[in-house]
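Notes to accompany the following structure.
The values are calculated or read from the model by the stated rules, or taken from the named source; none is laboratory data. Nothing here was measured: the structure is a model prediction, and the numbers come from that model. Cβ coordinates were reconstructed from backbone atoms using ideal geometry, including for glycine residues, and neighbour counts include every protein chain displayed. Accessible surface is based on the protein model in full, side chains and every heavy atom, while ligands, DNA and RNA are left aside. Shrake-Rupley method; radii C 1.70, N 1.55, O 1.52, S 1.80 Å.
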Amino acid sequence: MAPREKIVALAQKVARSRKKFTEEDPEYYALECVVTDEQADVALKMKIRVPVSPGNLSRECGKSLEDTERILRELLQIGVVEATREHGELEYTLPVFVPGIMEFMVMNVGQVEKFPQIARAFERLSLQPLKGATPMIPVGGGGLGMHVIPVEEAIPAESKTASYEQLSFWLKKYDDIAVGDCSCRITRRLMGEGCGHLEKDMCIVLGDLVEFAVSTGRARRITYDECLAILKKAEDNGLVHQITNIDGPDKIFGICNCCRCSCFGLRTSQFFNTPNTSRSNFVAKVNDANCVACGQCVEYCPANAVKLGQKIASKTPIVQLETILPDDHEWSEGMWNPNYRDSKVNVVPTGTAPCKVNCPAHIAVQGYVKLAALGRYKEALELIRKENPLPAVCGRICNRRCEFECTRGDIDQPIAIDDIKKFIADLELDPATRFVPEKMHDYGKRIAIVGSGPAGLSCAYYLALDGYDVTVFEKESRLGGMLTLGIPSFRLEKDVIEAEIDILKELGVKFKTEVEVGRQVTIPELRTEGFEGFYIAIGAQGGRKLGLEGEGAQGVLSGVEFLRNINQGVPVDMGGKVVVIGGGNVAVDVARAAVRTSASSVAMYCLESAGEMPASADELEEAVEEGIAIHHGWGPKRIIVEDGAVKGVEFKKCTAVFDADGRFAPQYREEETLTVQADRVLVSIGQSVIWGDLLVGLSVDLDRNGTAKADGLTYQTREADVFVGGDACTGPKFAIDAIAAGKQAAISLHRKVWPGQSLTIGRDRRVYTMLDKGSVVVDDYDHTPRQKPARRPGDAKAGFRDQRCSFTEEQLKKETERCLGCGVTIVDQNVCLGCGVCTTKCRFDAITLEKKFDGKMVAIENAVETVMTYAVERQQKIAERLERERAENG
């Protein structure tokens with residue numbers, strides 16, 4: 001079918017183009033699906049952006065006033081025209097496509113859902129027409145769409161700021177204010193490209209357009225104070241304010257709260273690498289002395305202009321290159337960044353602080369250490385909880401990868417990061433001092449979590465912050481998973497876990513104990529109850545078997561079962577000689593627990609040498625102090641049994657060997673054996689996942705080791721609404737790994753339960769690079785030795801109480817002063833948009849805005865002249881740069 005001529009003509013008029021549009025052009029198919037020829041006849045008699053009364057227009061198009069008013073109302077509802085009331089008389093205007101017609105058409109949600117080609121057209125028309133022009137657009141945007149306006153509190157008081165650079169100026173200028181849903185996010189949703197930033201109540205409508213937006217159902221009126229609250233909430237969520245920029249310095253009609261991953265206005269600068277098309281007149285700058293590389297500004301920067309880098313001195317000077325700009329370079333398609341939503345970089349190439357890099361949750365270690373040093377303990381706790389909702393637990397059991405790579409450790413001893421965290425997190429143990437964050441949203445959808453270990457609790461916490469209705473199902477009678485049942489109290493007392501869980505309860509998380517999903521209730525049944533997403537985090541609750549002769553004898557027990565019995569209060573008598581097989585942290589816990597259960601002696605046998613044992617050094621030290629003998633290089637050959645009961649273990653000599661992938665691959669000398677007498681044998685060589693009936697009827701695949709297969713970024717299984725994480729996905733790891741996985745699963749579940757949201761688009765891949773410690777130069781530092789927390793008096797073996805004390809405040813102050821402050825934030829001002837969001841996230845007054853440009857807002861009618869004028873200036877800048885380079889190169 002040939003294109004409809006009147007729609008082609010209308011498309012040409014609005015686009016200000018002579019192109020003969022076809023069915024393939026967005027200008028055409030956006031209008032063709034909803035505009036009749038009769039409506040096109042009326043619109044064609046209108047002038048672009050010139051208000052006209054129905055009376056004048058009726059005479060112009062030769063229709064009755066009644067018919068003209070009817071058609072204008074129809075066009076108004078469609079979104080092809082806008083209406084304003086000047087001096088009491090209603091007038092209609094034919095806008096440009098973007099910003100204008102396309103946003104209005106999309107904000108008619110019923111219409112765009114019926115005709116999704118409108119959304120596709122908006123996506124195209126907010127990008128295609130600017131391809132050739134973007135390098136020539138000056139700061140201020142050239143009157144071609146939207147531009148950033150800073151968070152007002154971030155604007156320096158001393159800067160000479162134009163009134164139109166301040167949000168308060170615009171909000172006070174207009175008495176009538178409304179809020180509507182975001183047209184960009186609606187479009188992304190309909191295209192299946194949503195980023196998790198939802199569309200509801202995101203765009204502020206101002207002035208003359210409020211009546212039109214409200215009367216057509218596109219917006220609702222709000223008060224000035226309600227508007228301020230919406231803008232503040234946007235800032236809290238890291239969203240960027242942009243204002244319309246097609247009417248010059250005296251008028252706007254909208255304030256949008258935008259994100260890098262959905263907004264078409266921001267896309268222009270990010271896709272084409274042309275910051276001028278979006279930026280304000282300000283840029284961010286960092287005070288290195290104040291900055292502690294917490295990374296909060298990096299997380300929220302919409303232009304990826306802020307990255308983590310190195311503050312500590314280096315033998316090799318660190319050069320941080322600024323991005324080249326089209327202002328003084330020829331620009332081509334090869335310089336674009338079409339994958340900008342998924343190519344965010346958190347760290348400059350030379351790396352940043354090892355503590356943040358090596359923590360699986362990438363906690364802002366340097367940041368909370370500094371806050372603790374300043375005595376701002378509650379703020380420190382809040383910062384930790386950005387990535388770890390179980391800080392009191394981790395302060396006692398974390399395997400401290402941050403400390404292992406701490407730069408200070410190359411000088412004397414690493415910072416006692418975990419003990420600092422423990423001191424801070426002890427605030428959690430007192431209801432009067434604990435930190436309970438405010439919810440960011442109130443989404444309300446029901447989500448089920450199976451398992452109340454660290455992965456499940458972490459996921460529940462972050463979903464609760466977004467206001468989801470979360471229920472955690474736990475098959476045991478006590479909450480906490482392996483934290484409660486798999487770790488003895490001398491390492492993690494149960495009141496610590498309970499205190500952390502109490503915070504989740506205060507956030508509204510529901511817990512159902514003694515409910516085994518798969519038996520008492522199934523996931524399909526939970527779907528019928530209104531649950532829309534599921535996270536399986538059941539941990540690795542079972543002990544692995546040796547597969548040896550005699551393993552089924554009386555007196556042979558898996559280590560995890562032994563610990564579970566102790567933690568559940570089941571009477572345990574280990575009288576006699578106890579042999580523990582295994583060399584990891586769990587094996588050490590098992591051995592130390594056996595010491596406390598009347599064993600006459602406890603000995604550990606492991607395959608690894610002393611330097612290769614996976615157990616942590618401090619735990620091994622404590623085990624030796626408690627009289628546990630550790631024998632290296634022995635692997636079990638058989639369990640010796642008499643009359644059905646264990647009598648001993650025969651071991652064979654083992655030589656530790658690692659394969660090409662670094663995996664432990666022991667070699668045995670069968671001829672060299674050792675027989676050891678034993679009354680009890682506790683096997684602790686690993687853990688396994690016990691699925692029961694949980695996965696019956698679900699499309700969840702398992703790996704050969706019994707863990708669930710899931711996407712490495714999103715944790716989604718083949719069953720689309722089922723996600724899995726923690727040890728049930730990765731195999732046995734540490735609590736902090738499970739906690740990190742839980743947060744990522746919460747992000748995925750949030751996206752999954754809302755239509756049209758991608759699980760991956762705009763998602764932080766959380767790739768961090770460590771600085772080169774070999775090049776670090778430390779000339780001056782605090783020589784205070786590492787602080788050691790005291791231990792409670794008495795015999796540690798006499799009971800299960802944790803004998804380890806927390807730091808005193810004096811010790812804390814001394815230890816925090818030992819930090820070398822390795823990391824810093826680096827701003828690439830060439831690409832900074834000057835939104836000021838970074839300043840709202842900084843707790844150290846380390847990042848501020850400064851005025852750098854003097855761009856002006858211009859009307860779209862003057863855009864061509866503005867762009868061409870700047871194009872001439874740009875060519876001169878390019879010529880000057882080339883001349884300088886020739887001179888520098890001789």
Exercise for the section: Post the alpha-carbon centroid distance, the stretch 772-809 to the stretch 542-559, in whole angstrom. Expected result: 38
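What's the ranking of 628-641, 466-479, 361-374 by average number of surrounding C-beta atoms within 10 Å, highest first?
Numbers: 628-641: 19.1, 466-479: 20.9, 361-374: 24.9.
Those peptides, ordered most packed to least, come out 361-374, 466-479, 628-641.
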Handout entry: Relative contact order (percent, whole number), the chain, Cα cutoff 8 Å, 6+ residue spacing
Key = 18
Completion exercise
Binned at 10 Å from zero, the C-alpha pair distances of the stretch 566-674 give percents of 14, 40, 34, 11, 1
Exercise for the section: Determine the alpha carbon to alpha carbon distance for each of K200/K233; K233/K421; K475/K797; K577/K733; K131/K251 and list only those over 23 Å. Expected result: K233/K421; K475/K797; K577/K733; K131/K251
Exercise for the section: Taking all protein chains together and a probe of 1.4 Å, list Y462, Y535, Y224 from the most accessible to the least accessible. Expected result: Y224, Y462, Y535
Fill in the blank from the handout: Taking a label point 7 Å from the Cα of E850 along Cα-to-Cβ, the residues of the stretch 279-301 whose backbone nitrogen sits under 16 Å from it are 281-291
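Pairs to check: K172/K386; K232/K505; K356/K422; K344/K743; K160/K311; K370/K439. Give those whose C-alpha atoms are more than 24 Å from each other in this structure. Don't jump to the answer; show the numbers that get you there.
Values: K172/K386 35 Å; K232/K505 27 Å; K356/K422 17 Å; K344/K743 19 Å; K160/K311 32 Å; K370/K439 26 Å.
Those over the limit are K172/K386; K232/K505; K160/K311; K370/K439.
Looking at the square roots a ≥ b ≥ c of the eigenvalues of the Cα gyration tensor of the stretch 158-290, which shape do they give, rounded for a/c under 1.5, prolate if a/b is larger than b/c, or oblate? List each step's numbers first, then the result.
Details: a/c = 1.62, a/b = 1.15, b/c = 1.42.
Oblate is the answer for the stretch 158-290, as a/c is 1.5 or above yet b/c matches or exceeds a/b.
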Problem - Solvent-accessible heavy-atom area per residue, rounded to whole Å², over the stretch 296-439 at 1.4 Å - result: 38
Fill in the blank from the handout: Everything considered on the Cα gyration tensor (a ≥ b ≥ c; rounded for a/c under 1.5, else prolate if a/b is larger than b/c, else oblate), the stretch 811-890 must be described as oblate
Fill in the blank from the handout: Log entry: pair-distance distribution for the chain, C-alpha pairs binned every 20 Å from zero, whole % per bin is 13, 38, 30, 14, 4, 0
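So which trypsin sites (Lys or Arg not before Pro) in the stretch 281-326 pass both tests, a DSSP loop state and at most 16 other Cβ atoms within 10 Å of the Cβ? List each step's numbers first, then the result.
On the way: sites: K285, K307, K311, K315; in loops: K311, K315.
The qualifying sites are K315.
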Exercise for the section: Express in whole angstrom the spacing between the alpha-carbon centres of the stretch 685-721 and the stretch 62-95. Expected result: 59
Exercise for the section: Normalising by the residue count of the stretch 292-368, find the relative contact order in percent from Cα pairs under 8 Å and 6+ residues apart. Expected result: 48
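D643 to S699: extension gain in nm, 0.36 nm per residue of separation minus the Cα-Cα distance? Write out the running numbers ahead of the final one.
On the way: separation 56, 0.36 × 56 = 20.16 nm, distance 4.61 nm.
The span from D643 to S699 would gain 15.6 nm if fully extended.
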Exercise for the section: Take the alpha-carbon centre of the stretch 164-228, take the same for the stretch 566-616, and report the distance between them in whole Å. Expected result: 63
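Could you compute the FRET efficiency for T655 and D37, with r as their C-beta to C-beta distance and R0 at 60 Å, rounded to 0.05? Intermediate results must be reported in sequence, preceding the final value.
Details: r = 87 Å, r/R0 = 1.45.
The pair T655/D37 has a calculated efficiency of 0.10.
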Fill in the blank from the handout: With the 1.4 Å probe rolled over protein heavy atoms, the stretch 754-890 has an accessible area per residue in Å² of 53
Problem - Backbone N within the stretch 6-47 under 15 Å of label point (7 Å from K114 Cα along the Cβ vector) - result: 31-36
Handout entry: Accessible heavy-atom area order of M574, M482, highest first, probe of 1.4 Å
Key = M482, M574
Completion exercise
Under the helix-only model (-39500 (n - 2.57) for each DSSP H run of 4 or more, divided by the residues of the chain), the mean residue ellipticity at 222 nm, to 500 deg cm²/dmol, is -9000 deg cm²/dmol
Problem - Calculated FRET efficiency for the pair S477/E549, C-beta based, R₀ 35 Å, to 0.05 - result: 0.45
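Can you give the FRET efficiency for R49 and A2, using 1/(1 + (r/R0)^6), R0 = 25 Å, r = Cβ-Cβ distance, to the nearest 0.05? Before the final figure, lay out each step's value.
Numbers: r = 30 Å, r/R0 = 1.21.
Efficiency for this residue pair is about 0.25.
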Handout entry: Estimated Rh, the stretch 588-636: Kirkwood, alpha-carbon pairs, angstrom
Key = 11.0
Problem - Dipole moment magnitude, nearest 20 debye, the chain about Cα centre, only Lys, Arg, Asp, Glu C-beta charged - result: 380
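At 20 °C and 1.002 mPa s, what whole-number value in µm²/s does Stokes-Einstein give for the translational diffusion of the stretch 276-382, with Rh from the Kirkwood sum over Cα pairs? Provide the component values of the computation, followed by the final result.
Working: Rh = 16.4 Å.
The calculation lands on 131 µm²/s.
Take the alpha carbon gyration tensor of the stretch 9-50, find the square roots of its eigenvalues, order them as a ≥ b ≥ c, and report rounded if a/c is under 1.5; if not, report prolate when a/b exceeds b/c, else oblate. Mind showing how you got there, number by number?
Numbers: a/c = 2.14, a/b = 1.21, b/c = 1.78.
Judged from the Cα gyration tensor, the stretch 9-50 comes out oblate (a/c at least 1.5, b/c at or above a/b).
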Problem - Solvent exposure of the stretch 178-295 as accessible area per residue, Å², 1.4 Å probe - result: 28
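How large a share of the accessible area of the chain, in percent, is made up of carbon and sulfur atoms when the probe is 1.4 Å and the other protein chains stay in place? Kindly include the intermediate steps, with their values, before the conclusion.
On the way: 17810 of 36180 Å².
C and S atoms contribute 49 percent here.
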Fill in the blank from the handout: Percent antiparallel among DSSP beta bridges confined to the chain, rounded to 5, stands at 60
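With an 8 Å cut-off on Cα pairs and a minimum separation of 6 or more residues, tell me the relative contact order of the stretch 396-484 in percent. Intermediate values should be presented prior to the final figure.
Values: 99 pairs, mean separation 19.4, N = 89.
Taking the mean separation of contacting Cα pairs over the length of the stretch 396-484, I get 22 percent.
Please compute the alpha carbon radius of gyration of the stretch 667-762, then divide it by the globular-protein estimate 2.2 N^0.38 Å. Two decimals is fine. It would help to have the intermediate numbers written out before the result.
Details: Rg = 19.2 Å, N = 96, 2.2 N^0.38 = 12.5 Å.
Cα Rg divided by the expected 2.2 N^0.38 Å: 1.54.
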Practice task
Could you sort 440-449, 203-212, 243-252 so that the peptide with the highest average Cβ count within 10 Å comes first and the rest follow in order?
Solution key: 203-212, 243-252, 440-449
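Under the √(5λ) rule applied to the eigenvalues of the Cα gyration tensor, what semi-axes describe the equivalent ellipsoid of the stretch 71-170? Give them in Å, descending.
On the way: eigenvalues 185, 86, 36 Å².
The three semi-axes for the stretch 71-170 are 30, 21, 13 Å.
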Handout entry: Accessible area (Å², 1.4 Å probe, nearest 10) - F511
Key = 40
